[in-house]
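The values are calculated or read from the model by the stated rules, or taken from the named source; none is laboratory data. Since we're looking at a predicted model, the values are computed, not measured. Here Cβ is always computed from backbone atoms with ideal geometry, including for glycine, and neighbour counts include all displayed protein chains.
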């Protein structure tokens, strides 16, 4: 059964729908939906994290909000004027609360905004672009803010009221960046700032840099010891994939070892150069955050992290014909020639009809080891990307999850168990999950492609601490 796959060779995997936004807040989840707010008062909503549309509401206008759930309420912080927006550099940072982010809910009502800091337009600082951190070690609430027109400052808020802590004195912690965000991980505080120029479309030079500190109040040093207060910062993500100007970092933890960074790209060259929401895997290398890359359509070896064996059809090994030479009696004057690889048409007739089970084996670039990954944006997705089909290259034979939590391959029909989520983990490997499992209701978030033994793939519960749950994709 031969089939020429019509791949959607997307040059830039991006969220679908209308993901147009500038200065997005960190992604927030409310009642099963995802929300992000941007400059101007509006924002985006998504049912699944992949398809986005307008409709989020935030009063107050202004610029560059952030949002954080604290207890059963959502705290929103934003900048009013500042940054040259109708008020020079006279800026104010304000906070307000809501019980829900759903504008259609009867509980949707923002409290009166509270001013927590300001800039007078004369000082070397600009009160705009706030980012929130609720310190998980102390439950203290912090806001970083500021732009290139001076320093980045840090203040402390009351996590119950959203007001400035009495007696709190602002602290300067960085320069040469804006749109900062704070996060805590493994004993380190990270300050992520947006470096470069904004608001110039395809010519914007925005990029995101980072420093870290053992104290939330700094100093924040980069990987070679430069203080961000003196212009330091290690690159996290720059332009790429036909999108330029990443800025306004946000971090979302989906599961243990599964993290996503959000931002905007100043210009998406595949969408008329518009500013769009960007979501990328967030990796951690030697204690530093690094943006991963979206999985693209193509043909891959799917390699188990457990031993390095590759996912393959459980079919007979077909020998390749070769004119052999005795290695001790080679004619070194004989011209060399390139040997062809084994082709699908050379072996497919020997494969059994119907379902074929799976195994793992040492990789030899044979047809039964080549898997074509095809994104299917119209089938949906998650914050990590679109759903995929996984098929033996050149055929319709698809990786399929069964109701008994096993694996098989059969003709692709678009049924449960044949669409897959492929999510890059924080260590750079991947977890591969059936989006749905036959006989189970709702989206599967529990069972993943799993190497139960060196040669035995199956479905089992995801465990970030086990190499059995992890796979590598090697493009062919």
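Exactly one of (1) in a strand (DSSP E or B); (2) closer than 23 Å to residue 27 by Cα is unmet by residue 399. Its number?
For residue 399, the failing item is (2).
Only one of 417, 394 is buried (at least 18 other Cβ atoms within 10 Å of the Cβ), assigned to a loop (DSSP other than H, G, I, E, B) and within 26 Å of the chain's Cα centre (by Cα); which?
When all the criteria are applied, what remains is 417.
Looking at 269, 311, which is the one that is within 25 Å of residue 374 (Cβ to Cβ), in contact with a strand residue (DSSP E or B) (Cβ under 8 Å, 6 or more places away or on another chain) and surrounded by fewer than 19 Cβ atoms within 10 Å (Cβ to Cβ)?
Criteria check complete, one pass: 269.
Out of (1) out of contact with any strand residue (DSSP E or B) (no Cβ under 9 Å at 6 or more places or on another chain); (2) in contact (Cβ under 8 Å) with a residue 40 or more places away in the chain; (3) crowded, with 16+ Cβ neighbours inside 10 Å, what's the single condition that is false for residue 347?
Residue 347 satisfies every listed condition except (2).
Quickly run through segment 435-452 and pick out the residues that are exposed (fewer than 15 other Cβ atoms within 10 Å of the Cβ) and outside any loop (DSSP other than H, G, I, E, B).
452
Kindly indicate whether any position in segment 277-286 is more than 16 Å from the chain's Cα centre (by Cα), at pLDDT 95 or above, in a loop (DSSP other than H, G, I, E, B) and within 30 Å of residue 204 (Cβ to Cβ).
yes
Across segment 36-50, what is the total count of residues that are under 14 Å from residue 130 (Cα atoms) and assigned to a loop (DSSP other than H, G, I, E, B)?
Final tally of qualifying residues: 2.
Out of 190, 184, report the one residue that is assigned to a strand (DSSP E or B), within 24 Å of residue 73 (Cβ to Cβ) and either within 23 Å of the chain's Cα centre (by Cα) or modelled with pLDDT of 95 or more (or both).
Selected residue: 184, the only one of 190, 184 that is assigned to a strand (DSSP E or B), within 24 Å of residue 73 (Cβ to Cβ) and either within 23 Å of the chain's Cα centre (by Cα) or modelled with pLDDT of 95 or more (or both).
Tell me which of these residue 207 doesn't satisfy, since it passes every other one: (1) within 18 Å of the chain's Cα centre (by Cα); (2) more than 27 Å from residue 275 (Cβ to Cβ).
(2)
From the list 398, 452, which one is within 26 Å of residue 345 (Cβ to Cβ), free of Cβ contacts under 8 Å to residues at least 40 places away in the same chain and touching a strand residue (DSSP E or B) at 6+ places or on another chain (Cβ under 8 Å)?
398
Residues that are in the same structural domain as residue 69 (by TED's automatic domain parsing), in a loop (DSSP other than H, G, I, E, B) and without any contact (Cβ under 8 Å) to a residue 24 or more places away in the chain: does segment 232-253 have at least one?
Checking segment 232-253: at least one residue is in the same structural domain as residue 69 (by TED's automatic domain parsing), in a loop (DSSP other than H, G, I, E, B) and without any contact (Cβ under 8 Å) to a residue 24 or more places away in the chain.
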